[in-house]
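**Q** What follows is a structure written as structure tokens; I'll ask about it next.
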Amino acid sequence: MDQYDFCRPLESEIRRLKREKKSLERSAALHRIALENIADTVIAADTAGNITYVSPKTLNAIGISRAEIYRRKTVRNLFGNQRVNLPALNGSRSPLTIDWHIKDRAGQDRFLKIDIKSVHAHMGAVVFCIRDVTALKISNQKLALRQHMVEAVFEGISDPLLMLDNRMRIKLLNTAAKRYYGLPSGSVVKDVCCFKAFKNRETPCEGCQIPPAIKHGEHLCYERTGFMDPRHIEQVTNYPVPERISPEGYSVVRINDITRLRRIEEELEQAGKMIALGVLVSGMAHEVNNPNNFILMNIQVLQDAWKSILPILDAHHKTHGEFSMGGLPFSEMRTELFEMLTGIEKSAHRIRQIILDLKDFAKEEDTRMDDRLDINQVIASSISLTKAFINKATGCFEYCPDERIPRIKGNAQQLEQVMINLIENACQAISQKSQSLVIRSRLDEANDRIRIEVEDEGAGIPANMMHRIMDPFITTKRKQGGTGLGLPISSKIIKRHGGAIRVESRSGEGSVFRIHLPLSDKPITHTILIVDDDPRARQLLKKILERNPRFHLHEAKNGSEALFKIGRKKPDLIILDIHMPDIDGVGVCRLIRKKKELSSIKAVITTGFINSPEVEEISKMGFDHILNKPINKRRLLKIIDRLLEETL
């Protein structure tokens, strides 16, 4: 082998190495170009932590210049408190990621993410890739803040809210919903169908309109009987979540208790009836009374004429036999015609009485009230006038007068009218002769008043009508011809005498009507405490109430002052705002319910936030008379009258 042959492999190896070197140089140049043009900062260091390389674009990336990093020399000097165990990275295939929070030269916060990787372990090199995640961090913070705000709004809404998926599975409940369904506040109900969770059903509840609305992504609003309490009326609304936010077809369902709203609407409707009644009564005397009087006057002429002609017709019938009269045989018409005329007369009298009742109810009364009357004599006279009615209704009648009752001022005829109305109502309620009717009079010296009771064991009054029994046109005897004006007129007469009527009744067990009348010339008075932190609201309420001489008004500007005044002199009624400094309205209500000696205090709650959790809490304590501000004067006075009647 010559020398050339010996060197040929070596020369080939050298050429291969040169090609690899050029390739490595080109690769290194490309990597360097890449390193020097990427947005992230790349720093290389040995395992001792000495910085060996820094990419150029550090100032924009992390707010520190390349020269400044080189001056710090070591990783420890650069990262400060961020401890990096470089020897532990030696030979590790998995990168280490740490977070770094710094302030740049402008004093702005920078949030950095550092990926640390050991490369070429035999050379002991460590590469730090630093990314600026400030924008991402701020974006995540804003997103988290928005999420917290949405959760706070969801939780803060006082109506029950449910988030359901398209299979009716619960995804979220707010606190109000948990309270509505009787769940503990900390309980978690998720990924179970609502009908299974709350009613233990395998299919949606009967009549529920939510499933098809959720399925088709439709907005829906409808009313239903209360899901948990059938006595309530609820408005259920389905709000589909937009598909761009929830591709799964989520919906938010809101349940709103509108029972109080419907009651207000009923009261407004009743007020409209009263206005219509005023218009009707104003023209009734002329439009109805005149033709009715014509009937009453002429019916007597017709009755006399029939009596006169009847002997002639009888003689004709006797001589010529049966003949037709008005489409009927004379033998039938002879008795029928007189009964028809009598029926017409009775109906006309009834029309006249209805008109008189309507006029009496609608007019402003100026009747004299200066009779010195014996109330027992008034009752006895009423019993005498209705004796036949009483004997027909019951075999168990009793009258128990209190002979100690002194004479009082009033109008005997009007009080007699009230007693007759109550006695007739009691007799009509009695269905068996064995059911009793008892009338009592009592002297209540402690309260300086007289109490009259009319108690029967009849049919009673349905619970759903009790709160409206004194309203006009409300009657349980519509089929028997009742107009629903007897009790309203009686209540008006008793109020004119400075008293009140109170009713206790249970359907199927009978009723007790109690009349309270003052002994003195002065009417029964009541103490009312007005509690509100707004002086303008207190002044407005005083102006509304001070016109009534029966009301003795006191005021307090917060709950603490109210409790102090209640302790000094217990009021009959309190008008209470909810949101006040110091002790609020909820605290006052809680104390009234807790203290047995305060339980007789009636309350009207006022608030500008009718759907707040505080209103719901107060309502659960049993304070049902809650008015939204601004207060409706007519409704306030009606509620006060009703509550104060209950105190008698």
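The values are calculated or read from the model by the stated rules, or taken from the named source; none is laboratory data. Just so you know, these numbers come straight off a predicted model, no measurement behind them. Heads up, the Cβs are rebuilt from the backbone with ideal geometry, glycines too, and the neighbour counts pull from every protein chain shown. With ligands, DNA and RNA removed, areas are computed over all heavy atoms of the protein, side chains included. Shrake-Rupley method; radii C 1.70, N 1.55, O 1.52, S 1.80 Å.
**Q** Could you tell me the number of lysine pairs in segment 494-604 with C-alpha atoms less than 20 Å from each other, where the two lysines are 8 or more residues apart or belong to different chains?
**A** Taking segment 494-604 as the scope, the lysine pair count is 25.
**Q** What FRET efficiency do you get for residue 222 and residue 306 if R0 is 60 Å and r is their Cβ-Cβ distance, rounded to the nearest 0.05? Write down the numbers at each step before the final one.
**A** Details: r = 62 Å, r/R0 = 1.04.
Approximately 0.45, to the nearest 0.05.
**Q** Give me the percent of the accessible area of segment 529-644 that comes from carbon and sulfur atoms, probe 1.4 Å, all protein chains in place.
**A** Details: 3100 of 6040 Å².
That fraction is 51 percent.
**Q** For residue 53 and residue 465 in the same chain, what is the full-extension length gain: residue separation times 0.36 nm, less their Cα-Cα distance, in nm? The partial results should precede the final answer.
**A** Numbers: separation 412, 0.36 × 412 = 148.32 nm, distance 9.13 nm.
Extra length from residue 53 to residue 465 when fully extended: 139.2 nm.
**Q** Follow-up question, since we're still on this one. So how exposed is residue 149, as accessible area in Å² (1.4 Å probe, rounded to 10)?
**A** We get 110 Å² for residue 149.
**Q** Write down the accessible area per residue of the chain in Å², having rolled a 1.4 Å probe over the full set of protein chains. Don't skip to the end; give the middle numbers.
**A** Values: 37990 Å² over 648 residues.
I get 59 Å² per residue for this part.
**Q** Could you work out [θ]222 nm for the chain from helices alone, using -39500 (n - 2.57) per DSSP H run of at least four and dividing by all its residues? Round to the nearest 500 deg cm²/dmol. Mind showing how you got there, number by number?
**A** Details: 21 runs with 288 residues, N = 648.
Dividing the helical sum by the residues of the chain leaves -14500 deg cm²/dmol.
**Q** Restricting to DSSP loop positions (anything but H, G, I, E, B) with no more than 16 other Cβ atoms inside 10 Å of their own Cβ, which GluC sites (Glu not before Pro) remain in segment 545-599? Don't skip to the end; give the middle numbers.
**A** On the way: sites: 546, 555, 561, 597; in loops: 546.
Answer in residue order: 546.
**Q** Can you tell me which aspartates and glutamates have their Cα less than 13 Å from the Cα of residue 387? Leave out same-chain residues fewer than eight positions away.
**A** Output for residue 387: 398, 424.
**Q** A follow-up question, please. Suppose R0 equals 22 Å. What FRET efficiency, 1/(1 + (r/R0)^6) with r the Cβ-Cβ distance, do residue 288 and residue 341 give to the nearest 0.05? It would help to have the intermediate numbers written out before the result.
**A** Details: r = 21 Å, r/R0 = 0.94.
Efficiency for this residue pair is about 0.60.
**Q** For Cα Rg over 2.2 N^0.38 Å, the listed values are [x] 1.77; [y] 1.47; [z] 1.18; which was obtained by calculation from the structure presented?
**A** Given [x] 1.77; [y] 1.47; [z] 1.18, the calculated one carries the label [x].
**Q** Separate question: Sorted by packing (mean other beta-carbon atoms within 10 Å per residue), highest first, where do 233-244, 132-143 land? Show your work: numbers first, answer last.
**A** Details: 233-244: 15.6, 132-143: 12.9.
Sorting 233-244, 132-143 by mean packing, highest first, produces 233-244, 132-143.
**Q** Which GluC sites (Glu not before Pro) in segment 372-448 sit in a loop by DSSP (not H, G, I, E or B) and have at most 10 other Cβ atoms within 10 Å of their own Cβ?
**A** Details: sites: 398, 403, 416, 424, 445; in loops: 403.
Those satisfying the criteria are 403.
**Q** Among the trypsin sites (Lys or Arg not before Pro) within segment 484-576, which fall in a DSSP loop and have no more than 12 other Cβ atoms within 10 Å of their own Cβ?
**A** On the way: sites: 492, 495, 496, 502, 506, 514, 536, 538, 542, 543, 547, 550, 557, 565, 568, 569; in loops: 547, 550, 557, 569.
Hits after loop and neighbour filter: 547, 569.
**Q** Within straight cross-link reach of residue 215, meaning Cα distance under 28 Å, which lysines are found once same-chain residues fewer than 8 apart are removed?
**A** Output for residue 215: 171, 178, 190, 196, 199.
**Q** Considering only the chain, what is the antiparallel percent among its DSSP beta bridges, to the nearest 5? List each step's numbers first, then the result.
**A** Values: 75 of 98 bridges.
Bridges in the chain that DSSP calls antiparallel: roughly 75 percent.
**Q** May I pose another question? Report, in debye and to the nearest 20, how large the dipole of segment 292-358 comes out about its Cα centre when Lys and Arg carry +1 and Asp and Glu carry -1 on their Cβ.
**A** It works out to roughly 140 debye.
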